[in-house]
Amino acid sequence: ITLVAKSEVRTSPSLMPEAPAFAVAKLLEKTGLAMDDIAVVKNHNPFAVNDGIFSKVMGYDWAKVNKTGCSLVWGHPQGPTLTRMLIEGLEEAVDLGGGLVLLFGCAAGDMGIAALFLVTEGGEPK
């Protein structure tokens with residue numbers, strides 16, 4: 001498991017649901033990757049609207065986000081839910097034989113964060 005890159009953004013306080021999408025866009029620009037390059041997409045979505053806004057802003061199919069569950073069932077605070085999402089995302093990538101895992105979410109009403117991990121099997125990505 002390798003941390004590939006991370007990004008953070010701050011927005012206007014009223015743009016909390018958009019902030020994670022802005023962080024993901026910044027991360028993709030930084031790495032030169034596209035959403036189609038990513039095997040597992042996990043969103044810390046304390047509110048269901050976050051997935052819909054992410055899908056609209058990024059042009060990404062919402063049904064591909066949180067395929068093995070999401071943090072809505074665990075509620076706040078973010079710490080334990082983000083940790084659980086990371087573990088679930090990494091496990092999902094292992095089940096797929098490796099690949100990129102995108103983890104993202106919002107915080108404090110105006111922040112978006114995103115991180116990209118590479119899971120390899122036998123040292124080489126599949």
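The values are calculated or read from the model by the stated rules, or taken from the named source; none is laboratory data. None of these values were measured; they are calculated from a predicted model. Every residue, glycine as well, gets a Cβ built from its backbone with ideal geometry; the counts of neighbours run over all protein chains shown. When the accessible area is computed, the model is the full protein with side chains, heavy atoms only, and any ligands, DNA or RNA have been set aside. Shrake-Rupley method; radii C 1.70, N 1.55, O 1.52, S 1.80 Å.
Listed values for segment 53-62 are Karplus-derived 3J(HN,Hα) couplings in whole Hz (6.51 cos²θ - 1.76 cosθ + 1.60, θ = phi - 60°), namely 5, 4, 4, 5, 5, 8, x, 10, 5, 4, and x replaces Gly and Pro. Once you reduce segment 99-120 and segment 1-59 to the center of their Cα atoms, the two points are 7 Å from each other. Helical content alone sets the calculated 222 nm signal of the chain at -10500 deg cm²/dmol, taking -39,500 (n - 2.57) per DSSP H segment of four or more residues and averaging over every residue.
By accessible area of protein heavy atoms, probe 1.4 Å, what ranking do E88, E121 get, highest first? Don't skip to the answer; put the middle values down first.
Values: E88 35, E121 100 Å².
Descending order: E121, E88.
The accessible surface of segment 1-70, taken with every protein chain in place and a 1.4 Å probe, is 57 percent carbon and sulfur.
Taking every protein chain into account, the accessible area of the chain amounts to 52 square angstrom per residue (probe 1.4 Å).
Placing dummy labels 7 Å off each Cα toward the beta-carbon, the span from E121 to A5 is 2.7 nm.
Each listed q (0.10, 0.11, 0.18, 0.19 Å⁻¹) maps to a log10 I(q)/I(0) for the chain, found by the Debye formula over equal Cα scatterers with no solvent: -0.27, -0.32, -0.89, -1.00.
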